[in-house]
Amino acid sequence: MRRIFSFLLLVSCLWGSESCNKNFAEVNANPNNPETVNPELLMVPIIRDLVNDMNNDAFSPGNIVAQYSAEIREPSTDRYQWTGDFGVWSNGYGTLQNVQDLYDLATAAKLDNYRGIALIMRALIFSRMTDCYGDLPYSEALKAKGDPAIYTPKYDRQEDIYKGIIAELKRADTLLSAGGGYIRNDILYNNDYTKWKKFANTLRLRLLLRQSNKVDPSADMQEMLNNPTVFPLFQSNDDNAALTYSSAPNISPITGQRSAFFLDRRLSKTLADKMNATGDPRLPVYALPTALSVTAGVPQYVGVRNGETDANLSSNIDDAVSALGIIYYNGLDVAVPSQGLVMTYSELQFILAEAAQRGWISGNAQTYYEAGIKASVDYYSKISGQALTMPAGFLTQPGVAYTAADGLELIGTQKWIALYFNDLQGWQEWKRTGIPALTPSITNYNNNQIPVRFLYPTGQQVTNETNYKAAIGIQGADNINTKIWWMK
């Protein structure tokens, strides 16, 4: 839906073809028959477009660069031949136009719950964009209709963007309430403001941790955890921010791909080796046993090295390595049980485990850590229908058993496994922690470096040249190896 509007209004775009300065509400208004546009009309396109983008980005490049999966045909992403931004910029700013409309309409109608939801979505979108690019337009973005109109917005420093979006999430928590007005057409949380409130605070914890190499998160974290009535968090998998897909046309966007395209991505050896080593019960959900092992009667899960050499990528490899799980794809436009993951209770537990391990909060790091693993297994058991159970001794075996000495390594590794197919979060967490210790793709065109950011869209060099040059003059060269603020 968003893309149709962007095409129709191409001539009035704010940054070339990258983000439109018109909005959903105006496009759908009949100038000959004025009407009041209700904010609920924006809920479905905002949620569906954003989560579908996140699901697509998880499939590629997220799963590939984080070494959950690997390409066995035309492995340009796997070999770090990144010449574009994978659409995160244009899709992000496009959806932000609708989010701004939602906020403005809700403000005019005095519907605080919609205002709170808009702030959450705004913070979520800007967080994933700045984590991909670093500095970008934030404070002056989306103001082409302002007074004065701003068509060439400045790039804000990532540090300031983080301050802004964390404050927006805190504000969202105060807006969401029983007296905040109705919510309708909410396909994420079924019109439940209490779940949005939990999401706002849980997402805030993610961002506090994400910037923790630069800003001490302990005071903010303690404030939240010491007052759960004011700052409620996810309590179980029932609170997950995850879009449930059903039948056509509301099905996972991954199913819209040709089967050959889906099967060109296979289980990475990095993930396969980690999960096989511990007998991880999620592996049969994450992937399928190889065709050769099924024929032999001994199902096995085998991964392919990221950036595998051309000599080893013949058609013979298809039956020898594992395809991704059937919960993600079972034929063109066939509904599957996978959800569009935004944030989960399992991730929250790992956030708290790391915070406790580092002494930022009270609580037992091992308890949080084990709860994170269990929550992830329970989640995949439920959506896959496979009744997964952790093998006896799974949590006490070497490589999984929690010890304080190896706590950060263990937490980071299990968090990485749990973030499979969750947007670009596995990559972002690896960028922050270096856990697990990923080896660059066997064959790559980036001087044996795993990329840490996307390139700015090329149109920025023309339509916003002055601010683009100022940004790279401060942040560093516009290439895929320049570290963003919270990495430095």
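The values are calculated or read from the model by the stated rules, or taken from the named source; none is laboratory data. Being a predicted model, the structure only gives us computed values, none of them experimental. Every residue, glycine among them, receives a Cβ derived from its backbone with ideal geometry; neighbour counts consider all protein chains shown.
Values as computed for the structure displayed
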item	result
Helices (runs of 4 or more DSSP H) wholly inside the stretch 82-175 containing at least 1 residues that are in contact with an Asp or Glu (Cβ under 7 Å, 6 or more places away or on another chain) and among the small types (G, A, S)	88-109, 112-133
Residue check for L188: surrounded by 22 or more Cβ atoms within 10 Å (Cβ to Cβ), among the aliphatic types (A, V, I, L, M), in a helix (DSSP H, G or I) and modelled with pLDDT of 95 or more	no
Per-region count, the stretch 98-136, residues under 22 Å from A470 (Cα atoms) and either at pLDDT below 95 or aliphatic (A, V, I, L, M) (or both)	2
Flag if L136 is more than 27 Å from A418 (Cα to Cα), touching a residue at least 12 places away in the same chain (Cβ under 8 Å) and either touching a Pro at 6+ places or on another chain (Cβ under 6 Å) or of a type in the set (S, T, N, Q) (or both)	no
Scan of the stretch 289-323 for residues that are under 28 Å from A392 (Cβ atoms) and surrounded by 20 or more Cβ atoms within 10 Å (Cβ to Cβ), ordered by number	T290, Y301, G303, S322
Counted residues, the stretch 324-347 - those being touching a Lys or Arg at 6+ places or on another chain (Cβ under 8 Å), of a type in the set (A, V, I, L, M, F, W, C) and either surrounded by 22 or more Cβ atoms within 10 Å (Cβ to Cβ) or within 24 Å of A219 (Cα to Cα) (or both)	2
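Here is a yes/no grid of residues against (1) in contact with a Ser or Thr (Cβ under 9 Å, 6 or more places away or on another chain); (2) farther than 28 Å from L243 by Cβ; (3) buried (at least 18 other Cβ atoms within 10 Å of the Cβ):
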position: Q414; (1), (2), (3): yes, no, yes
position: A418; (1), (2), (3): yes, no, yes
position: G426; (1), (2), (3): no, no, yes
position: Q449; (1), (2), (3): no, yes, no
position: Q460; (1), (2), (3): no, yes, yes
position: A477; (1), (2), (3): no, yes, no
position: I484; (1), (2), (3): yes, no, yes
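Residues checked against (1) surrounded by fewer than 20 Cβ atoms within 10 Å (Cβ to Cβ); (2) farther than 18 Å from Q100 by Cβ:
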residue	(1), (2)
R171	yes, no
L209	no, yes
V230	yes, yes
L233	no, yes
